[in-house]
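Everything on this sheet refers to the single structure shown next.
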Amino acid sequence: MYALYITHPQVRIEANVSVPDWSLSDIGAQRVRRAAAFPWAKALRRIVSSSEKKAVETARILARAAGVEVETAADMHENDRSATGFLPPDEFERAADCFFAHPQASYKGWETAVDAQRRIVGAIEAVLASHDPAEPIAFTGHGAVGTLLKSHLAHDVISRRGDQPVGGGNIFCFTLADRSLTCDWTAMETWQGMMK
C-alpha cells in the first residue's frame, strides 16, 4: 500500500496575516476540488494534515471526498520562518535558495533545513507507526518540508533541485512497506493514482 504527500496549492497572500493563518485562494481551492474527484482521493482511508490553515483546508476538501475525518499533527508544519515574518516573493525565493543550499545554517533565524527535515520525517514516521499498512493514507502539508521529506526518502542530499513546481498543489507517492518513492512531484489535479 502507499502514502501520499500532498502540498497545499495557491494561497491568498496577506502580508498583515501570520503565514500559518493564510487560506487557500479561489484557484487553490478549485484545484483541490478537481483532485478530490479522482478515484484515488475517494480511496483514501486516512488524511493527516499540518495544523496550518491552508493545509487543513486542503485536507478537508479531500476528506469530504474520501468520507474520513481530518487529523492534524503539529510537527508537520512548514519550516519555521517566523524570525523574518512575511517576505516579498523575490526576497522569499532568495531566502529559500539559501535555506536549501546551506542546510545546517539558519537564514536570519529560520529553522535550519536539517532540523526541519528531522522534524517532518519524525512526524510522518510517528503517524505511520500506528497506521494500518493495508490502507492508503495522505499527508497534507507544505513545499519546503515536503521536499525535505522527499530527499530523505530518496536517500538524497538536501537540495532545492528536488523542490516542487511553482504553485504548489503537488503530490508524491511512496510505499508503506519500504518507504520507496513511486513518483516524483505531480500536480494534484493531473495525478491518476498508483499504476496497477
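Could you tell me the convex hull volume per residue, in Å³, taken over the Cα atoms of the chain? Intermediate values should be presented prior to the final figure.
Details: hull volume 20.7 nm³, N = 196.
For the chain, the hull spanned by Cα atoms encloses 105 Å³ per residue.
Take the alpha-carbon centre of region 1-79, take the same for region 151-196, and report the distance between them in whole Å.
16 Å
Give me the log10 of I(q) over I(0) for region 1-104 at q = 0.11, 0.14, 0.15 Å⁻¹, as the Debye formula computes it from C-alpha points; what are the numbers?
-0.39, -0.62, -0.70
In debye, nearest 20: dipole of region 89-151 around its Cα centre with unit charges on the Cβ of K, R (+) and D, E (-)? Could the numbers behind the result be given before it?
Values: 5 positive and 9 negative charges, 33 e Å.
The calculation lands at about 160 debye.
Considering only region 1-152, what is the antiparallel percent among its DSSP beta bridges, to the nearest 5?
Numbers: 1 of 13 bridges.
Counting only bridges with both partners in region 1-152, antiparallel ones make up about 10 percent.
Can you pull the Kirkwood radius for region 137-196, inverse mean 1/r over Cα pairs, to one decimal in Å? Let's see the in-between values first.
Numbers: mean 1/r = 0.0833 Å⁻¹.
For region 137-196, inverting the mean 1/r across all distinct Cα pairs yields 12.0 Å.
Residue by residue, what Karplus-based ³J(HN,Hα) values in Hz, rounded to whole numbers, does region 59-66 have, using 6.51, -1.76 and 1.60 with θ = phi - 60° and x for Gly and Pro?
4, 5, 5, 5, 5, 4, 5, 7
Considering all projection directions equally, how large on average is the shadow of the alpha-carbon convex hull of region 72-135, in square nanometres? List each step's numbers first, then the result.
On the way: hull surface 21.8 nm².
Value for region 72-135: 5.4 nm².
Could you sort the peptides 87-100, 168-181, 139-152 by per-residue average Cβ neighbour count (10 Å cutoff), highest mean leading? List each step's numbers first, then the result.
Values: 87-100: 14.1, 168-181: 17.9, 139-152: 24.4.
In descending order of packing, they fall as 139-152, 168-181, 87-100.
Only Lys, Arg, Asp and Glu count, each charged at its Cβ (+1, +1, -1, -1), so figure out the dipole size of region 1-79 about its Cα centre, rounded to 20 debye.
With only Lys, Arg, Asp and Glu charged at Cβ, the dipole is about 480 debye.
Thinking of region 90-196 as a set of Cα atoms, what percent of all their pairs are more than 20 Å apart? Mind showing how you got there, number by number?
Working: 2371 of 5671 pairs.
Counting every Cα pair in region 90-196, those more than 20 Å apart make up 42 percent.
Just to be sure I understand the curve: with the Debye formula and one point per C-alpha of region 117-157, what is log10 I(q)/I(0) at q = 0.16, 0.20, 0.27 Å⁻¹?
Those come out to -0.43, -0.65, -1.01, one per q.
Using +1 on the beta carbon of Lys and Arg, -1 on that of Asp and Glu, and nothing else charged, what's the dipole of the chain about the Cα centre, debye to 20?
Here the chain has a charge dipole of around 500 debye.
Starting from the amide H of Gly169, placed 1.01 Å from N in the peptide plane, find each other amide H under 5 Å away whose residue is 5 or more places distant or on another chain.
For Gly169, whose amide H was placed from the backbone, the distant partners under 5 Å are Thr7, His8.
With every protein chain kept in place and ligands, DNA and RNA left out, what is the accessible area per residue of the chain? Probe 1.4 Å, answer in Å².
On the way: 9250 Å² over 196 residues.
Averaged over the residues of the chain, the accessible area is 47 Å².
Pop out the carbon and sulfur fraction of the accessible area of region 78-196 as a percent, whole number, probe 1.4 Å. Display every interim value, and only then the final one.
On the way: 3100 of 5730 Å².
Ligands and nucleic acids excluded, carbon and sulfur reach 54 percent.
Counting only pairs 8 or more residues apart or on different chains, how many lysine pairs in the chain have their Cα atoms under 29 Å apart?
Lysine pairs meeting both conditions in the chain amount to 10.
Hey, can you grab everything whose amide H is under 5 Å from the amide H of Tyr2? Only 5+ residues off in sequence or another chain; H modelled, so Pro and N-termini drop out.
Ile137, Leu176
Roughly how much of Glu111 is accessible, in Å² to the nearest 10, using a 1.4 Å probe?
About 40 Å², rounded to the nearest 10.
Just going by the charge dipole of region 5-51, with Lys and Arg at +1 and Asp and Glu at -1 on Cβ, which of Ala15, Phe38, Tyr5 is farthest out on the positive end?
Final value for the positive-end residue is Phe38.
The values are calculated or read from the model by the stated rules, or taken from the named source; none is laboratory data. From a predicted model like this one, the values you see are computed outputs, not experimental measurements. FYI the Cβ positions are ideal-geometry reconstructions off the backbone, even for glycines, and counts take in every protein chain you see. We work out accessible area using only protein heavy atoms, side chains counted, and drop any ligands, DNA or RNA first. Shrake-Rupley method; radii C 1.70, N 1.55, O 1.52, S 1.80 Å.
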